[in-house]
Structure formats: C-alpha cells, structure tokens
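First comes the structure, then the notes that go with it.
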Amino acid sequence: MTIVENDEGYLTKSLDGLRVLDFSTTIAGPHCTRMLADLGAEVIKIEPAEGEMMRTRPPVRNRCSTAFGQLNVGKKSLTLDLKSAEGAEVVRRLVPTADILVENFRPGVMQRLRLDYASLRGLNPRLIYCSISGYGQTGPSAGLPAYAPVIHAASGYDMAHLAYQAGRSRPDYCGIYTADVLSGVYAFGAIGAALHQRHHSGEGQHIDVSMLEAMLSLTLNEVQWAQFKVQPTARPMFGPVETSDGYVMVAIASEKTFQSLMQVIGRPEWVSDPRFAKYSDRRENWAALMDGVEDWSRRVTTEQCLAALNEKGVPSSAYRTVEQALADPQLAHRGALAEVEDGGGTFKVVNLPFRMSGAKVAAVKRVSTLGEHTRGYLKEAGLSEAEIAAFAG
C-alpha cells in the first residue's frame, strides 16, 4: 500500500490530543495553525464578534469566503472581546488546557492585553507560545507595521530578484505574499521542535518568528555575495523558452541534461563547441546557447517540445496558470486537493505538501461558522448560564 493510499485509510493524525489557542489573523499565523489542524490538533480560532478581515476576502458566497476557508478549515470558532476583562479572563481559564498558543499581532499588543507569554506561563508552564511578527519581538524595528510586500522590500529579496531581470531597473510589483506563507511554515517547524524539547524537559517556551529573517533565508547566494567581493560573471538564467504556441521552462543543471538537450535541438556538435563545452564556458555564453535552443523550440508546439525534452530526461515544464496546475493528474494521484464545505457550499483547498506513512495528513472537511463553538468553550471555562447569556447579548 502506498503512502498516498495510507493517508486516506485507517491512520490517525500525528497531533491528535493537542490544543491550540489561535489569535492570529490574515495569512502567516492562520497558515501555521491550519497545518496544525490538518495534523489533528484542536485549533480554537479566537476572533472578535465581527470576525477577522479575511472573512470578507473574495471569493465570497452566501457571506462565506473561500480565501478564509483555505486558511482556517478544521478550526473551532470562539468569539471574544479581548479588550474586555471578561474576554481576557476566558482566555486565562483556557490557557491551562492548551499546549500551543499562536499570535501575529504587532509586538506589545498581547502584553497590553496581559495575554503575553510572561503573563500566561505561570498558568501553564508547558505552554508553547509562538509569536509571528514583521521584524521580531524586540529591536529598533520591532514596533514598525509590516505586511508581506514591505518585508519583501526590506529583506533585499526584491532587489536580489531584480538583479536577474536583464534590462530592468524598477522592482517588480508584489501580488503573492511569500513572506506570510514562509513565516507560517517556519513557525510550524519551530513549534514541532518545541514540542520535542517539551517531551524531554516538561517545559514550554516562547517562539519569536521574524518575517524579515524568514525572507532573508531565501537569498542564499546573495547573503554570501553581500559579504565578500566576488568576480562578476555571467550566470545561467533559467527563463521562458518560446515555442510556436507558448513558453516552456527548461533547466540545464548538469552535464547530462546539457548533452541531452543538445541532442533534442539537433546540435550534438555543441557538446564540444568551445563556447559551451564546459559549464564555465556556457555561463559566459548563455545568451547564445539559449538563442540556439529557441531556434529549435519556436518551430514546435509546447506539447511537442515537452514530449521531446521529457523523452531525453531534460527537466522542463510548460508555463501554466494555477487553474491548469490544479488539473494536473499528478495532484489528483497525490490527493493534493481536499473538498471542504462552508455555508456557501463546497470548494477545494490545498492539502499539506507531504505525506506520512504512519499518520494521516489531510484537511478537515468543514469550515466552522463564526462563533459556532463559543458557548461550549465558555461553559468549559466555567461560566454560568447567566454569564454565557451576557456574552451572547
């Protein structure tokens, strides 16, 4: 039986039994806690009575956002006014039952609410408290407002990316919030490490995730080049190769793939051509090499181009839209998409990109309605029927 088949079978989830208090909003924190929920943790999403801002992001059907659902499926919903003494007290009563707390407010907000790690650790020494912020919890930039596009610019990532765009001098616009997703993944990994440490020590701890540092981690070569003088050299730039009806990406990452590509394009003599014979030669003559590749590729369709490249083992792909990528049979085979339900109907979300042979990894099938579990958690916190009714009022 394959791992994929196991995933939908009899297996339990690896984080079953863990409870998470989720104060996070928008993308970074919710992405982290959605991963925890997919692995079986009970994630209690704590929101104001009007709900967090992502609930209004399109697509919206019957007042239900699928963008919100993608990030929050499988979580319980508890509505509280954290600025009220009563709301903060409910949190403090739930903290002793929690294993993990995640928040991504600007540094200082949770402290003002007296819900910061220092205030809560006495209630639960085993609590793993994860804070995600733009620049980290302390330091000269800690209090600055930060959204993903700002962090992309501040980290050097945008200018590093621009350096690879020949003839360009203006940085790109930002439409995909890489810093948010990346920070959520780093938070997820740090929480896993803290859980392992707690298993041995019995103690929780505070995790401080910086979006700035997360983005900086993507500039591996550039971090080194910024420290040492490096002789400028032309560098192979992987980019679109034109076909008769579109574009493909071709990555020549080894001598074998270079030699195979030369066979595909009908230029076997270029394997020994002084311009291309060695990697260093190809690097200096990259534009001429790719011009030769396009002399061939422009005479064939994208489908024909990929068939020829795949036959010779040359890494390649068509440039696809997300809609086209979602229809890939490979994703269907992997169970990469899960169908979930909210008040507007059904839609698909992306499952976690890994499978485990001994645990189930999959999204829960339903998105909770706003405040759906409030009454139950208030009762667990010890509130009387009259106090619960006052909350509802």
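Just a few scattered comments:
- Only one of the numbered conditions (1) surrounded by fewer than 13 Cβ atoms within 10 Å (Cβ to Cβ); (2) assigned to a helix (DSSP H, G or I); (3) at pLDDT 95 or above is violated by E339, and that is (2).
- Selection status of E222, over 32 Å from the mean Cα position of the chain (by Cα) and either surrounded by 14 or more Cβ atoms within 10 Å (Cβ to Cβ) or modelled with pLDDT of 90 or more (or both): no
- Selected residue (only one of S183, S155, S201 is among the polar types (S, T, N, Q), exposed (fewer than 13 other Cβ atoms within 10 Å of the Cβ), at pLDDT 95 or above and under 27 Å from R34 (Cα atoms)): S201
- When the range 33-58 is filtered for residues that are open to solvent by 70 Å² or more (accessible area, probe 1.4 Å) and over 20 Å from the mean Cα position of the chain (by Cα), the ones remaining, listed by number, are A49, E50, T56.
- Being under 20 Å from G29 (Cα atoms) and either in contact with a Gly (Cβ under 6 Å, 6 or more places away or on another chain) or not hydroxyl-bearing (S, T, Y) (or both) is a property that holds for D208.
- Considered as a group, the residues in the range 1-20 that are in contact with a Lys or Arg (Cβ under 8 Å, 6 or more places away or on another chain) and of a type in the set (V, I, T) include one that is modelled with the highest pLDDT, and that residue is T12.
- Looking across L289, L306, L326, L331, one residue alone is in contact (Cβ under 8 Å) with a residue 24 or more places away in the chain and either within 28 Å of the chain's Cα centre (by Cα) or surrounded by 15 or more Cβ atoms within 10 Å (Cβ to Cβ) (or both). It is L306.
- Of everything listed in (1) part of a strand (DSSP E or B); (2) in contact with a Phe, Trp or Tyr (Cβ under 7 Å, 6 or more places away or on another chain), the single unmet condition for K45 is (2).
- Some residue of the range 64-76 being hydrophobic (A, V, I, L, M, F, W, C), part of a strand (DSSP E or B) and in contact (Cβ under 8 Å) with a residue 40 or more places away in the chain: yes
- Restricted to helices (runs of 4 or more DSSP H) entirely inside the range 80-182, those with at least 3 residues that are under 30 Å from A287 (Cα atoms) are 157-162.
- Among the residues of the range 13-38, just one is more than 13 Å from F188 (Cβ to Cβ) and small (G, A, S), namely G17.
- Number of positions in the range 342-387 that are surrounded by 14 or more Cβ atoms within 10 Å (Cβ to Cβ), of a type in the set (A, V, I, L, M, F, W, C) and not in a loop (DSSP other than H, G, I, E, B): 5
- Just so you know, in the range 79-93 the residues that are within 24 Å of G17 (Cα to Cα) and within 28 Å of the chain's Cα centre (by Cα) include one that is surrounded by the fewest Cβ atoms within 10 Å (Cβ to Cβ), and it is T79.
- Filter result (closer than 24 Å to S254 by Cβ and assigned to a helix (DSSP H, G or I)) within the range 305-325: C305, L306, A307, A308, L309, N310, E311
- Of the residues in the range 186-206, not one is touching a Ser or Thr at 6+ places or on another chain (Cβ under 7 Å) and of a type in the set (G, A, S).
The values are calculated or read from the model by the stated rules, or taken from the named source; none is laboratory data. All values derive from a computational prediction rather than experimental measurement. No Cβ is skipped: glycine too gets one built from the backbone with ideal geometry, and neighbour counts run over all protein chains shown. Protein only, heavy atoms only, side chains kept; ligands, DNA and RNA dropped before computing areas. Shrake-Rupley method; radii C 1.70, N 1.55, O 1.52, S 1.80 Å.
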